[in-house]
Amino acid sequence: MEVISPHRKLGELLVRLQIINEEQLNQALEQQKKTGQKLGEILLNLGYVSEEILFAVLAKQFNIPYISLAEYGEIPNEIITLLPERLVKTYHLIPIEFDTHTKTITIAMSDPLDINAIDTLKLATGFNIRTVVAKKNEILDAINRYYEKKESLEDIEKKAEQEFETGDAKVVEEQEITELDVQADAAPVVKAVNYIIEQALVQKASDLLIEPQEKNVRVRYKIDGIFHDQKPLPKKLLPSIVARIKIMSKLDITERRKPQDGRIRITYNGRPINLRVSSVPTTHGEKVAIRILDAQALILPLSELGFDDVQLQLFEKAIKQPYGMILVTGPTGSGKTTTLYSALNVLNTPDVNIMTVEDPVEAVIYGINQVNVNEKVGLTFAAALRAFLRQDPDVIMVGEIRDRETIEIGINAALTGHLVFATLHTNDAASAITRLINMGVEPFLISSTLTLVISQKLVRKVCSNCRKQYRVPVEQLMSIGVTQEMLKDAKEVVIYKGTGCSKCQGGYKGRVGVYEVLECNDEIKELILKKATHFEIKQTARKNGMATLRESALKKLLSGITTVEEVIRNTFADEVD
């Protein structure tokens, strides 16, 4: 008789509860054979389940409590020392309580069904083990907090400056960077660079800037779309810091006169992180910009992106069509890649051939064939698309439409039975259609292939820890587009604003998408054929029920998710007839 592992039991339970289907379970198990990851992690990464659902199933079916370590109190040192650091880091768990009467340690784990880990702990400690489930990132943060004894940036700076004064300063070269942790006796410059990158990851920054000024080096992190200054560094450290980053990203450290681009792959808290590096010479020295790409953060369940119910139904309907073109528009940094990756993840099943061409590939997704643009060797978006059509793909994603040739090949692919996703830089959904016409694409080709256009922006969310409610008269919000219809004739509106706390940045924590979803129905297609203006297309779409970016943002405001300032900063007031 075959022994079924607890992990497979978890998968079968999720199928029985209709949270995932058999095909999704088999795909996850197949990936588990190749990668050795835990099934729960794979299901989370694939977007088939959310952490909340997974923990709810564990709690109910296996009687395992769920706790939030982020809200948990201080763990006493005598409890932390009950477990060896080696086991804590190997199995990604942390002790939180100890019952002296029953000799039982309570352990927070992200995978409380890991029998091997539990048995190892019993043998190592001689105590009984009780498990509770917690989010993996919270466990890893707690491990860093309680087990890592790290130098401060001030200590690192002092050592680095001492080296410069004694003439011992040097850059330590590493062939391959896999972890941020370095040896205690590593060069201070190595520690300084690792510290700067690690703090950016801890604060969940999307970008990191190292900017030489006249007297010092400015360091800034982009958190939730806004840059924040960090402690500046001494100017004398700049050459060594830039050289260190160049070595990590395999750039030429002797070339300081022209821009360079590179990549760094690191592992942080057990998950792979890609860093996209760009260096540019400025009047005060070389500036370095690092884009932080976390694959897990780029793939979310569609329901968590920020669509309202009507928009989500339209999007899910469009991506399940066998052919056609879906355009996602918005400025740089508006979350287009996350929207596309999340959609592709839904379609990513063993029977579907998905191919993407990107510049660059921001996250490697298992089961999807991804191609990096390389214009130096002639591998452009258009060249890659032509090659794709000989590879029998079902779904194609074009990272960015830059020219007429690329869009025409994409449209021809949509006409010949492929589902095509692409991005475009426009301010709203209707503008995408007129942009294609201005690029020289025949209107009848657009109307024949385009099924959906999505325009999006990201707004910051009010911090749930420090938010306070305010009552505002309706009249004060009328000027930004709030209508009586939205308020159901209320006299006052309750809105929220964060006061600022240790868990947020100025009252905000995290971002969510606001969307404009234009369905290309028969009426819109008729306007496309007539080469109607952007304004005519937008007004017709609104009459058919499309919510504009401003209206979507106002819904988030009235739901207590964002603030008036974010609505005004990210969206334009709607045009009226």
Practice task
Go through the residues of segment 262-284 one by one and say whether even a single one is open to solvent by 60 Å² or more (accessible area, probe 1.4 Å) and without any contact (Cβ under 8 Å) to a residue 12 or more places away in the chain.
Solution key: yes
Fill in the blank from the handout: Of the residues in segment 290-313, those that are within 26 Å of residue 433 (Cα to Cα) and either among the small types (Gly, Ala, Ser) or surrounded by fewer than 19 Cβ atoms within 10 Å (Cβ to Cβ) (or both) come to 302, 306, 308, 309, 310, 312, 313
Practice task
Check whether at least one residue in segment 344-354 is buried (at least 19 other Cβ atoms within 10 Å of the Cβ) and closer than 27 Å to residue 208 by Cα, and report yes or no.
Solution key: no
Handout entry: Considering residues of segment 124-164 that are part of a loop (DSSP other than H, G, I, E, B) and closer than 11 Å to residue 93 by Cα only, the residue modelled with the lowest pLDDT
Key = 135
Handout entry: Residue check, residue 336 open to solvent by 10 Å² or more (accessible area, probe 1.4 Å), in contact with a Ser or Thr (Cβ under 9 Å, 6 or more places away or on another chain) and closer than 19 Å to residue 450 by Cα
Key = yes
Problem - Top-ranked residue of segment 542-561 - restricted to ones that are part of a helix (DSSP H, G or I), open to solvent by 10 Å² or more (accessible area, probe 1.4 Å) and touching a residue at least 40 places away in the same chain (Cβ under 8 Å), ranked as farthest from residue 522 (Cα to Cα) - result: 558
Practice task
Of all residues in segment 204-214, count the ones that are crowded, with 17+ Cβ neighbours inside 10 Å and acidic (Asp, Glu).
Solution key: 2
Practice task
Could you check, for segment 451-468, whether at least one of its residues is open to solvent by less than 20 Å² (accessible area, probe 1.4 Å), assigned to a helix (DSSP H, G or I) and over 27 Å from residue 331 (Cβ atoms)?
Solution key: no
Completion exercise
Only unsatisfied item for residue 227, checking (1) free of Cβ contacts under 8 Å to residues at least 24 places away in the same chain; (2) more than 20 Å from the chain's Cα centre (by Cα), is (2)
Exercise for the section: Among the candidates 272, 281, single out the residue that is more than 22 Å from residue 35 (Cβ to Cβ) and assigned to a strand (DSSP E or B). Expected result: 281
Practice task
Could you please find all residues in segment 94-123 being open to solvent by 60 Å² or more (accessible area, probe 1.4 Å), part of a helix (DSSP H, G or I) and in contact (Cβ under 8 Å) with a residue 12 or more places away in the chain?
Solution key: 115
Handout entry: residue 321 over 16 Å from residue 512 (Cα atoms), out of contact with any Asp or Glu (no Cβ under 9 Å at 6 or more places or on another chain), without any contact (Cβ under 8 Å) to a residue 24 or more places away in the chain and surrounded by fewer than 21 Cβ atoms within 10 Å (Cβ to Cβ)
Key = no
Handout entry: Verdict on residue 9 being closer than 22 Å to residue 129 by Cα and open to solvent by 70 Å² or more (accessible area, probe 1.4 Å)
Key = yes
Handout entry: segment 215-234, residues that are assigned to a strand (DSSP E or B) and open to solvent by 30 Å² or more (accessible area, probe 1.4 Å)
Key = 216, 218, 220, 222, 226, 227, 228, 229
Exercise for the section: State whether the residues of segment 469-479 include one that is polar (S, T, N, Q), open to solvent by 10 Å² or more (accessible area, probe 1.4 Å), under 19 Å from residue 565 (Cα atoms) and not in a strand (DSSP E or B). Expected result: yes
Completion exercise
Within segment 364-400, restricting to residues that are touching a residue at least 40 places away in the same chain (Cβ under 8 Å) and among the β-branched types (Val, Ile, Thr), the one that is most open to solvent (accessible area, probe 1.4 Å) is 364
Fill in the blank from the handout: The residue that is modelled with the lowest pLDDT, considering only those in segment 489-510 that are open to solvent by 80 Å² or more (accessible area, probe 1.4 Å) and of a type outside the set (Ser, Thr, Tyr), is 489
Exercise for the section: Would you mind stating whether residue 520 is touching a residue at least 24 places away in the same chain (Cβ under 8 Å) and surrounded by 19 or more Cβ atoms within 10 Å (Cβ to Cβ)? Expected result: yes
Completion exercise
Within segment 27-51, the residues that are open to solvent by 50 Å² or more (accessible area, probe 1.4 Å) and either of a type in the set (Ser, Thr, Tyr) or in contact with a Cys (Cβ under 9 Å, 6 or more places away or on another chain) (or both) are 35
Handout entry: Condition met for residue 29 (assigned to a helix (DSSP H, G or I), at pLDDT 80 or above and within 30 Å of the chain's Cα centre (by Cα))
Key = yes
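The values are calculated or read from the model by the stated rules, or taken from the named source; none is laboratory data. These numbers come from a predicted model, not from an experiment. Counting neighbours? That spans all protein chains shown, and the Cβs are built from the backbone with ideal geometry, glycine included. All accessible areas refer to the heavy atoms of the entire protein, side chains included, with ligands and DNA or RNA removed. Shrake-Rupley method; radii C 1.70, N 1.55, O 1.52, S 1.80 Å.
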